[in-house]
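Take a look at the structure set out below.
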Amino acid sequence: MRCSTPCARSHSICHVRHTSAVAEWELFRDLPEPELHRILAVARRRRFERREVVFHRGDPADTLHLVSAGRFAVRVTTRLGDTATIAVHGPGEAFGELALVDPGAPRSTTVAALEYGETFAVHRDAFVRLRSQHPSVDAVLVQVLGTRLRRASELLVEALYVSAETRVLRRVHELAELYGGDTVPLTQDDVAGLAGTSRATVNRVLRAEVSRGTLELQRGRILVRDRAAIARRATPRI
């Protein structure tokens, strides 16, 4: 794989470093190393600045992005013209996978970097050529689609049987896990979109947590003070 900037060491060492990093992702935990090498060999490293758009809704869908650094927000525009965040992807995750299975279809969402980020971008044409030579690399696509389907099923069950209040707490806990710390640099509007509820509901739930001392609200971010307590209330029996 060619990096977008020259590697300070040899190409082989640079390639091994990238392969090692991706091999640690949960997404590829069962993927044989040869298939991983082949995917990275046709991938292009992309870098994005904070708030830079990766692609817009309606753009041609031609590339799968494997996230290696940073977080990326997936957004849609509602019928009322509001922008809603419906997913946030971090290292070890992927987005844009439909580009590999539905040729010619436009992007259904807009994806933008929430901070400086990097992806391994796999163009559909390169993946098709790779599949013709090594059909076993389909395991990558199966992993990505399986992960997405499992997540969609979980969210459907939530929407039908879990209260909005609990969904808000689950998203806050998941975001804290995603960011790997106590600070979630997202707005209440972002959390509302992720939880499938209104901003008013998010504000009410979060302020209740503030009164319990489990979190603190700041402009454009949420500080989680007691992640364990939030996790307990976010996992009631369905």
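Rule-based calculations on the coordinates, nothing more; no lab input. Given the structure is predicted, the values throughout are model-derived calculations rather than measurements. Here Cβ is always computed from backbone atoms with ideal geometry, including for glycine, and neighbour counts include all displayed protein chains.
Evaluate E = 1/(1 + (r/R0)^6) for GLN218 and ARG44, where r is the Cβ-Cβ distance and R0 equals 25 Å; express this FRET efficiency to the nearest 0.05. The formula returns an efficiency of 0.10 here.
Here the dipole of the stretch 164-233 is about 200 debye; that uses its Cα centre as origin and unit charges on the Cβ of Lys and Arg (positive) and Asp and Glu (negative). Modelled label positions at GLU115 and LEU145, each set 7 Å beyond Cα in the direction of Cβ, lie 3.3 nm from each other.
The Cα-based radius of gyration of the stretch 164-233, divided by its Kirkwood radius, gives an Rg/Rh of 0.90. The residue among LEU66, VAL88, GLN133 whose Cα reaches farthest toward the positive pole of the charge dipole of the chain, with charges on the beta-carbon of Lys, Arg, Asp and Glu, is VAL88.
What you get for the chain, charging only the Cβ of Lys and Arg (+1) and of Asp and Glu (-1), is a dipole of about 380 debye around the Cα centre. Spin-label model, ALA105 to ALA69: label points 7 Å out along the Cα-to-beta-carbon direction sit 3.2 nm apart. Can you give me the Kirkwood hydrodynamic radius for the chain, using every pair of distinct Cα atoms, in Å to one decimal? Kirkwood radius, the chain: 19.2 Å. Spin-label pair LEU160-GLN133: with each label point 7 Å from Cα along the Cα-Cβ axis, the two points sit 4.5 nm from one another. Using θ = phi - 60° in the Karplus curve 6.51 cos²θ - 1.76 cosθ + 1.60, the 3J(HN,Hα) couplings for the stretch 179-187 round to 7, x, x, 9, 9, 10, x, 10, 8 Hz; x is entered for Gly and Pro.
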